[in-house]
Amino acid sequence: MTIILRDKAALRAWRLAMAPSQRVGFVPTMGALHQGHMSLLAQAREAAEVTIASIFVNPLQFGPNEDLSRYPRPIEADIEKLEAAGVDALFLPSVEDMYPEGASTFVEETLVSGPLCGAMRPGHFRGVTTVVLKLFNLVQPHVAVFGQKDAQQCAVIERMVRDLNVPVTIVRGPIVREADGLALSSRNVYLSAEDRAAAPLLHKSLQAVAAAHAAGEHDAAALAAIGLAVLAQSERIKVQYWEVRDPESLGAITTVGARGALLAVAAHLGTTRLIDNLLLGSDA
Ligand code: PAF
């Protein structure tokens, strides 16, 4: 039975009742749960005795022209999925509870947040770090699991936890894909049939670049050009970025060396923005 904690006071009472020896695993989400979330929850269950998820569509991480109002909110179906997965508790706060009137404190990571999605979505990562730190302070988890699908989000949160001495171990869960390679995302439901058919090209472009790298191409610009050429096969795909970056700082690199690289792509299909990535291992 999943206990539903609808505000901060209920969450605090639940957390206080727990023995200090009980390890808590946490998966923060914005709901519209899919198999990707389920695999993160399974990882949290393996790492801890008690598992808690949160569902909160965080207004602070959406830009003015983004999809906050139409973001899917199938809360009854989500609760059923959490029950079936054996999750112990769900934190389901309101916007007013998370952001009391006059809230004027924000958390900002200033390096890893800069490029890629940070450049395309100003303020997005400030919204993410602010809400994630607030959630960590309330839930006080030992372990928190985030999806590698949002590789930059993982890197930003790891940096925040390191820089601010937050006592939480961050675990990255692998990307879960459809049979044709499309990375699972709550936003996939927006895709028209035609855009859905074109969407697996994002993953194909990452695979083509990984193959070129394995065959000896290490020049970052040449690798990105290979990825872009694959996406050019569909005129439905409007690329925002296709980048080869340092895997940790996400800084620009000219050559893929011993540290490997993060291959990262973002594109619009119709009005839907999709992202995907692949970690190239080190040359060692
Ligand atoms: O990845 C998400 O769903 C969100 O960015 C998160 C981590 C739940 C913060 O709102």
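Stokes-Einstein diffusion for segment 80-187, with the hydrodynamic radius set to the Kirkwood value over Cα pairs and evaluated at 10 °C in a medium of 1.306 mPa s, equals 101 µm²/s.
Residue-wise HN-Hα couplings along segment 209-224, as the Karplus relation 6.51 cos²θ - 1.76 cosθ + 1.60 with θ = phi - 60° gives them from phi, are 6, 4, 5, 5, 5, 4, 7, x, 7, 10, 6, 4, 5, 5, 5, 4 Hz; Gly and Pro carry x. Helix 151-163 versus the longest principal axis of the chain: what angle, 0 to 90°, nearest 10, using Cα atoms? Orientation of helix 151-163: about 50 degrees from the principal axis. Legend: P(r) of segment 22-164 from all alpha carbon pair distances, 5 Å bins from 0, whole percents, reading 2, 9, 19, 22, 23, 16, 8, 2, 0.
Sites listed here are GluC sites (Glu not before Pro) in segment 227-266 whose DSSP assignment is loop and whose Cβ has at most 11 other Cβ atoms within 10 Å: Glu235.
Evaluated over the Cα positions of the chain, the convex hull gives a direction-averaged projected area, one quarter of its surface, of 15.4 nm².
At 25 °C and 0.890 mPa s, what whole-number value in µm²/s does Stokes-Einstein give for the translational diffusion of segment 220-284, with Rh from the Kirkwood sum over Cα pairs? The Stokes-Einstein estimate is 199 µm²/s. Ordering Ser192, Ser69 from the fewest to the most neighbouring beta carbons within 10 Å gives Ser69, Ser192. A viscosity of 0.692 mPa s and a temperature of 37 °C, combined with the Kirkwood radius over Cα pairs in Stokes-Einstein, give a translational diffusion coefficient for segment 22-75 of 265 µm²/s. Over segment 113-252, the alpha carbon radius of gyration divided by the compact-protein estimate 2.2 N^0.38 Å works out to 1.18.
Kirkwood hydrodynamic radius of segment 1-102, from the reciprocal of the average inverse Cα-Cα distance over all distinct pairs: 14.5 Å. Beta bridges per DSSP, both residues in the chain: antiparallel share near 50 percent.
What does the helix-only formula give at 222 nm for the chain: each DSSP H stretch with n ≥ 4 adding -39500 (n - 2.57), the total divided by the residues, and the result rounded to the nearest 500 deg cm²/dmol? Theoretical 222 nm ellipticity from helices: -10500 deg cm²/dmol. With Rh defined as the Kirkwood radius, the inverse of the mean 1/r over Cα pairs, the Rg/Rh of segment 67-139 is 1.03. In terms of surrounding Cβ atoms within a 10 Å radius of their Cβ, Met38, Met120, Met1 rank from fewest to most as Met1, Met120, Met38. Extents of segment 181-227, largest first, come to 37, 16, 13 Å (Cα atoms, principal axes, whole angstrom).
Just so you know, all these numbers are worked out from the coordinates, no wet-lab data involved. A quick note: this is a predicted structure, and the numbers were derived from the prediction, not measured. Please note: Cβ atoms are built from the backbone with ideal geometry, for glycine as well, and neighbour counts cover all protein chains shown.
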